[in-house]
Structures are given as structure tokens and as C-alpha cells.
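Remarks on the structure that follows.
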Amino acid sequence: MASRKPFVAGNWKLNGSLELLNEMANEINAVSGEDVDVALFVPALLVGECAKLGVKTGVQTVSEFEAGAYTGEIQASLAKDLGAEYALVGHSERRHIFGESDEVVADKFVMAQQQGLVPVLCVGETEQQREQNETESVISAQIDAVVRKLGVAGLKQSVIAYEPVWAIGTGKTASPEQAQQVHQFIRAKIASLDSEIAQRLLILYGGSVNEKNSSELFAQQDIDGGLIGGASLKTDAFISICESAKG
Ligand code: PEP
């Protein structure tokens, strides 16, 4: 079986500051290495600074357009030039607050990858969808939108983050068993198209991960690390989450 290197990424959303970045960078660089990769998805205006500090850097979204008259959008190629390695696509806040459809998210995935960024595709169901037993169909549709554009090979240079919408920023974490069940479903779905890609694919869990629950979540067979929101703004908590991902 292919071994997968754990990956922990902080998503600062519309939070954080240059000061916090300077404060955290050394500690992140000290923990990131052979046993775990650690990255920060900082607000777009901090991307260049974050990369200069030697921290693996991501943008929180990119435009699906390469260039043109799209005021305010984030250009994937420019994020790459500034040193970003990753781009979040389809974070639930983008889907639900900004109305991004599976189709638009897939276009952003394509653009990120075309410009040399590793897309981190966020997928997940709402509470109502879970109650109606739609978790698997919702996630399938979110992944299929990308596979329709690029084939399963498009998932080779990518990461998937399973983030149940009901667990994001709510303090309600999925249990390790609930999360593992969905991660296993995602890996099996992709394995039905290409088993090698599925075995190598990093699938992160996100949704109210903190320093108390991370070890148990990361110990699950198909959970390869986490996407961390609130707790990534607190240096001690975030570093301890990163430590807990080391094999
Ligand atoms: C997120 O922003 O992707 C997230 C999982 O947030 P939180 O950890 O705060 O739930």
C-alpha cells in the first residue's frame, strides 16, 4: 500500500494579520518536515509574505478565469508567482455564502492546476443532507464535476478535504468513525476509477478540529491530516495539532 505523508493546513479565512504570521512562521517551519507537511492558507494579501517566510503557502480561492476584466478576483498564476503552492477550491463558505456551484468549483480546480498550484478540493454535506442520507451522493457530485473535466488523472496532483458543513466553525466535530466512513467512501469511489491514484491521494478532515480531538481523527486509516480553521489562529493549538499528525 502506498504510504501517504500527513498534511496539516491552516485556513485563516478573513482573519489573521502580518503580525500573527511573523509570530507563527518559525514554529511552523520547525514542525513541518520529514513527518508532516504543514501549510497555511492565508488571506490573499499575505500570500507573498507567507511564502517568503518559508512557510508552505496556499490561497483560499482562485478565479476560474485566467485573466481579464474580473475586478477583485484572485489570479492563480499570480498566486503561484508569489510563492503559493496550493489553492483551496470549493470551501463550504465559498459554496454557501458566495454561491459557487460544483461546476464553478471544478473550473477553479482546473485553473489552479493549469497554473501549477495543487488544488485542495473541499467537499462535504450539510446537516440536512446528512439527515436525508444524501452525504455520499452530494460528495460524489462534487468530485464527479472535477472528474468530468479532467478525468480521474486530474486528481493525481491534488488533495481532497472532507469538511462536513455542519462541523465547520460550530464546535461539532464528526466522530472519528463518522469521518473515517466518509473518507473510506471517497477513497473507494476514486479507487473504482484508478486504484493507484486513490491510494496516493491525501484526504484531509476539516471541521472543528482542535488539539484535543486531532490525534484520534488522524489515527483513522483514511484520514491523512486536517484542514484547520479556528484553531490555526492559535499558535500553541495549531502546532500541537501538527505534532499529532506525525505518524
Ligand atoms: C475550515 O475553515 O475549513 C474549518 C474546518 O474551520 P474550523 O476548524 O474552524 O471548523
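The values are calculated or read from the model by the stated rules, or taken from the named source; none is laboratory data. A quick note: this is a predicted structure, and the numbers were derived from the prediction, not measured. Cβ: placed from backbone, ideal geometry, glycine included. Neighbour counts: every protein chain shown. Ligands, DNA and RNA are excluded from the accessible area calculation, which covers all protein heavy atoms including side chains. Shrake-Rupley method; radii C 1.70, N 1.55, O 1.52, S 1.80 Å.
With a simple spin-label model that places each label point 7 Å from the Cα along the Cα-to-Cβ direction, the separation between ASN22 and ASP35 comes to 3.1 nm.
Remark: accessible surface ordering of GLU85, GLU216, GLU125 (largest first) is GLU216, GLU85, GLU125, probe radius 1.4 Å. For LYS80, a cut-off of 21 angstrom between C-alpha atoms picks up these lysines, skipping any fewer than 8 places away in its own chain: LYS13, LYS52, LYS56, LYS108, LYS156. In this structure the chain gives 44 Å² per residue of accessible area when probed at 1.4 Å with all protein chains present.
When a 1.4 Å probe is rolled over the protein heavy atoms, the share of accessible surface on region 7-235 that falls to carbon and sulfur comes to 48 percent. Using a 7 Å offset from the Cα along the Cα-to-Cβ direction at both ASP144 and SER192, what is the distance between the two label points in nm, to one decimal? Using points 7 Å along Cα→Cβ, the separation is 1.0 nm.
Computed extension length for GLN184-PHE98: 28.0 nm, one decimal, from 0.36 nm per residue of separation with the Cα-Cα distance subtracted.
Could you tell me whether the chain comes out rounded, prolate or oblate from its Cα gyration tensor? Rule is a ≥ b ≥ c as square roots of the eigenvalues, rounded for a/c under 1.5, then prolate if a/b exceeds b/c, otherwise oblate. Verdict is rounded for the chain.
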